[in-house]
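The values are calculated or read from the model by the stated rules, or taken from the named source; none is laboratory data. Please read these numbers as outputs of a predicted model, since none were measured by experiment. No Cβ is skipped: glycine too gets one built from the backbone with ideal geometry, and neighbour counts run over all protein chains shown. Keep in mind that these areas ignore ligands, DNA and RNA; they rest on the heavy atoms of the full protein, side chains included. Shrake-Rupley method; radii C 1.70, N 1.55, O 1.52, S 1.80 Å.
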Amino acid sequence: MTTMTKFKLSNRLQVLPPYLFVEIDRAKKELIAAGKDVISLAIGDPDLPTPDFIVEALKGASADPKNHQYPLDAGLLEFRQAIAQWFQNRFSVKLEVNGEILPLIGSKEGISHFPLAFLNPGDVSLIPDPGYPPYLSGTIFAGGQPYYYPLLEKNNYLPDFNSFDPEVVKKAKILCLCYPNSPTSAMATEEMFKEAIAFSKKNDLILINDMAYSEIAFGNKKPISLLQIPGAKDVGIEFHSLSKTYNMTGWRIAFACGNSELITGLAKIKSNIDSGVFQAIQVAGITALKRGDSFVSENVAIYKKRRDVMMSGLKKLGIECHEPEATFYIWAKVPGKMTSSEFCMKLLKEAYVVVTPGHGFGKHGEGYFRIALTTTEDRIEEAVKRIAKAIS
Ligand SMILES: *Cc1c(COP(=O)(O)O)cnc(C)c1O
């Protein structure tokens, strides 16, 4: 490795914290290189494959020359129609096919580009802490200022809008929400969404909800969309993704929906940066949305079993946590007096188990760690055994 001296990274890159998963990956790779049997409960990437019916749809579509050219920026009409139909069935919300839906090359892409369309230098984004890193990087890249609001256990990891600093709110343009939440796995309530909409209207904010985990939920009550709440479309945009729902993280397909001016602004930025989603992948996406329901139920049942195995393990270990109703994460308290980092390093070195330290998602994540249920029940049981030994 040579150190870089000739080309200095831009200030915007230098102010970003190191990307969390890169560091964890490095530590994990070192252990694997040393021949250790490492169990990773760290990364939010499904271990199971994309179902065959979606892969088959891609195969057919990829052979068709009309899919080989630049896609339309707006995405295939048929894909937007399939999104609108799916949204209607799932949330009883009508979306305009022209103007209220925009396909994305993964929702990370859309979330991180969105601030470029609406922030000016110095404008503030209100960002959850702990939270998904692209809310910060998107804000910084647009020249904006992040302001972290805490997600606290005593508030069920929902924002407390009354606690926001009014001086900061005056300068704010964007309010970011993420429900079902990563990393805490909290679910939104209708009441909180109503408050968020009222707060956004009162303070002239754009309201974002990142709903990547909309379909990974275990209870009878499915997660609600922000757009189900009256008035949401006046101020709101929601980011959805096929990644977690259909085990399609590598495919890069997602969509934004909601207020048409917000959709148009994001589309304008994207038309200057990318050229849309490979059309054959959009065709596969149509198949996923139209025919994916029974797959989703089976997939969720797998995560539910894993969750139950891990929850009973954590109980035996005396580790405190809430049973998640959604997402494939468990947000757990670090036992004893260790910091998140110390605890995660201990598990890594003594149990060869990788979990994510909570502070990596923001300072209010300190004292917690995140377990991802993206490995088999057997491996989860094995991980529990090893953790028991390490912390006994
Ligand atoms: C996985 C994830 C996303 C999006 O993933 P894409 O693959 O880019 O669609 C967005 N938000 C959160 C919180 C996630 O965990």
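Structure notes:
- Considering each residue of segment 293-314 in turn, none proves to be within 30 Å of VAL334 (Cβ to Cβ), of a type in the set (A, V, I, L, M, F, W, C) and assigned to a loop (DSSP other than H, G, I, E, B).
- In segment 261-273 there is no residue matching the filter, namely being touching a Ser or Thr at 6+ places or on another chain (Cβ under 7 Å) and closer than 24 Å to ALA74 by Cβ.
Matching residues to (1) at pLDDT 95 or above; (2) within 16 Å of the ligand (Cβ to nearest atom); (3) under 23 Å from GLY365 (Cβ atoms):
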| residue | (1), (2), (3) |
| --- | --- |
| ASN181 | yes, yes, yes |
| SER185 | yes, yes, yes |
| LYS201 | yes, no, no |
| LEU205 | yes, no, no |
| ASN220 | no, no, no |
| ASP234 | yes, no, no |
| PHE239 | yes, yes, yes |
| ASN247 | yes, yes, no |
| SER260 | yes, no, no |
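- Residue, farthest from CYS176 (Cα to Cα), within segment 65-105, restricted to residues that are outside any helix (DSSP H, G or I) and within 16 Å of the ligand (Cβ to nearest atom): GLY75
- With respect to the conditions (1) within 21 Å of CYS257 (Cβ to Cβ); (2) among the hydroxyl-bearing types (Ser, Thr, Tyr); (3) surrounded by fewer than 20 Cβ atoms within 10 Å (Cβ to Cβ), SER125 lacks only one, and its number is (3).
- Residues considered: LYS244, LYS194. Of these, the only one that is out of contact with any helix residue (DSSP H, G or I) (no Cβ under 8 Å at 6 or more places or on another chain), part of a loop (DSSP other than H, G, I, E, B) and either not assigned by TED's automatic domain parsing to the domain that holds CYS321 or not aliphatic (A, V, I, L, M) (or both) is LYS244.
- Residues of segment 339-392 that turn out to be outside any helix (DSSP H, G or I) and open to solvent by 60 Å² or more (accessible area, probe 1.4 Å), as a count: 4
- With respect to (1) in contact with a strand residue (DSSP E or B) (Cβ under 8 Å, 6 or more places away or on another chain); (2) at pLDDT below 95, the lone exception for GLY106 is condition (2).
- Condition check for ALA256: assigned by TED's automatic domain parsing to the domain that holds ILE206, surrounded by 17 or more Cβ atoms within 10 Å (Cβ to Cβ) and assigned to a helix (DSSP H, G or I): no
- Residues of segment 66-96 classified as under 14 Å from ILE281 (Cα atoms) and open to solvent by 90 Å² or more (accessible area, probe 1.4 Å), total: 6
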